[in-house]
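Report on the structure given below.
The values are calculated or read from the model by the stated rules, or taken from the named source; none is laboratory data. Keep in mind that what you see is a predicted model, and the values were worked out from it rather than measured. For neighbour counting, all protein chains shown are included, and Cβ atoms are generated from backbone atoms with ideal geometry for every residue, glycine included.
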Amino acid sequence: MKFERLPEEFEDGFDGTLYRQLMRHQAAGVSVVATGEVGSRVGLTATSVASLSDAPPKLLVCVGRATQAHNILCDRGVFSVNFLASEHEELAECFAGRRGIDGEHRFAGGAWDTLVTGAPVLADALSSVDCRLLESHTFSTHSIFIGRVVAGRRREAGEPLIYFRGAYRGLARS
């Protein structure tokens, strides 16, 4: 096993480019975080999503402050997290901004409805959670949003979409 030694100039800090390269070795599930009403919906692809508590159910999601969805999510106070299946790679690319499509137009690539809060929910996601924003914490370029899960649903079949080493992948079968 080979480990990369860090240059001495990073002793008091850490280079962001190298950090991103290191984090690409952490496999992550892919989700779309969405908010807004039909006609003014926004969303983004996220891999920084984690369960925080099950009593009461809460999760956290990290959202870049420069994204179109950031301030709208703050203002609306509700959001959904839609965990994507392996067949949703194109949708993930669209919501990641890699297709040059913004805002409401990103939602044309899927069937969307709502649960309790009115936040957009992907009809064929592996699972979706509907959240009310409880807290937000701003750190440099991102905010951590903590949501109270108020509703959710899942489908029984399907494989998750995974992001690893800068590419989308599926699960390997043994």
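Would you tally the residues in the stretch 116-173 being part of a loop (DSSP other than H, G, I, E, B) and among the acidic types (Asp, Glu)?
Narrowing the stretch 116-173 to residues part of a loop (DSSP other than H, G, I, E, B): 116-119, 123-126, 140-141, 155-159, 161, 165-166, 170-173.
Those still in the list that are among the acidic types (Asp, Glu) too: 124, 156, 159.
Matching residues across the stretch 116-173 total 3.
Step by step: first the residues of the stretch 53-68, then only those that are over 20 Å from residue 151 (Cβ atoms) and outside any loop (DSSP other than H, G, I, E, B), then the one that is modelled with the lowest pLDDT. Which residue is that?
Residues of the stretch 53-68 over 20 Å from residue 151 (Cβ atoms): 62-68.
Within this subset, residues satisfying the condition of being outside any loop (DSSP other than H, G, I, E, B) are 62-64, 68.
Values: 62: 96, 63: 96, 64: 93, 68: 88.
The residue in question is 68.
Pairs please, first residue from the stretch 150-165 and without any contact (Cβ under 8 Å) to a residue 60 or more places away in the chain, second anywhere and of a type in the set (Lys, Arg), Cβ atoms under 7 Å, 6+ apart in sequence or on different chains.
What qualifies is 150/132.
What's the total number of residues in the stretch 71-94 that are surrounded by fewer than 20 Cβ atoms within 10 Å (Cβ to Cβ) and not aliphatic (A, V, I, L, M)?
Final tally of qualifying residues: 10.
Please specify each residue of the stretch 95-108 satisfying the condition of being buried (at least 17 other Cβ atoms within 10 Å of the Cβ) and in contact with a Cys (Cβ under 6 Å, 6 or more places away or on another chain).
106
Restricting attention to the stretch 30-51, which residues are closer than 20 Å to residue 151 by Cα and either among the polar types (S, T, N, Q) or surrounded by fewer than 16 Cβ atoms within 10 Å (Cβ to Cβ) (or both)?
31, 35, 37, 38, 50, 51
Taking the stretch 140-174 as the region of interest, how many residues are aromatic (Phe, Trp, Tyr) and either within 22 Å of residue 116 (Cβ to Cβ) or over 17 Å from the mean Cα position of the chain (by Cα) (or both)? Write out each step before concluding.
Step one: filter the stretch 140-174 for residues aromatic (Phe, Trp, Tyr), giving 145, 163-164, 168.
Next, from what is left, pick out any that are either within 22 Å of residue 116 (Cβ to Cβ) or over 17 Å from the mean Cα position of the chain (by Cα) (or both): 145.
The total comes to 1.
In contact with a strand residue (DSSP E or B) (Cβ under 8 Å, 6 or more places away or on another chain), surrounded by fewer than 16 Cβ atoms within 10 Å (Cβ to Cβ) and in contact (Cβ under 8 Å) with a residue 40 or more places away in the chain: does that describe residue 135?
Details: in contact with a strand residue (DSSP E or B) (Cβ under 8 Å, 6 or more places away or on another chain): yes; surrounded by fewer than 16 Cβ atoms within 10 Å (Cβ to Cβ): yes; in contact (Cβ under 8 Å) with a residue 40 or more places away in the chain: no.
It is false that residue 135 is in contact with a strand residue (DSSP E or B) (Cβ under 8 Å, 6 or more places away or on another chain), surrounded by fewer than 16 Cβ atoms within 10 Å (Cβ to Cβ) and in contact (Cβ under 8 Å) with a residue 40 or more places away in the chain.
For the stretch 74-114, give me the residue count where each residue is of a type in the set (A, V, I, L, M, F, W, C) and more than 26 Å from residue 137 (Cα to Cα).
Quick first cut of the stretch 74-114, residues of a type in the set (A, V, I, L, M, F, W, C) only: 74, 78-79, 81, 83-85, 91-92, 94-96, 101, 107-108, 111-112.
With more than 26 Å from residue 137 (Cα to Cα) added as a condition, the list becomes 85, 91, 94, 101, 107-108, 111-112.
Within the stretch 74-114, residues that are of a type in the set (A, V, I, L, M, F, W, C) and more than 26 Å from residue 137 (Cα to Cα) number 8.
Sort through 151, 125 and tell me the only one that's hydrophobic (A, V, I, L, M, F, W, C) and out of contact with any Lys or Arg (no Cβ under 9 Å at 6 or more places or on another chain). Walk me through how you get there before you give the answer.
On the way: 125 fails: out of contact with any Lys or Arg (no Cβ under 9 Å at 6 or more places or on another chain).
Result: 151 is the single residue among 151, 125 that is hydrophobic (A, V, I, L, M, F, W, C) and out of contact with any Lys or Arg (no Cβ under 9 Å at 6 or more places or on another chain).
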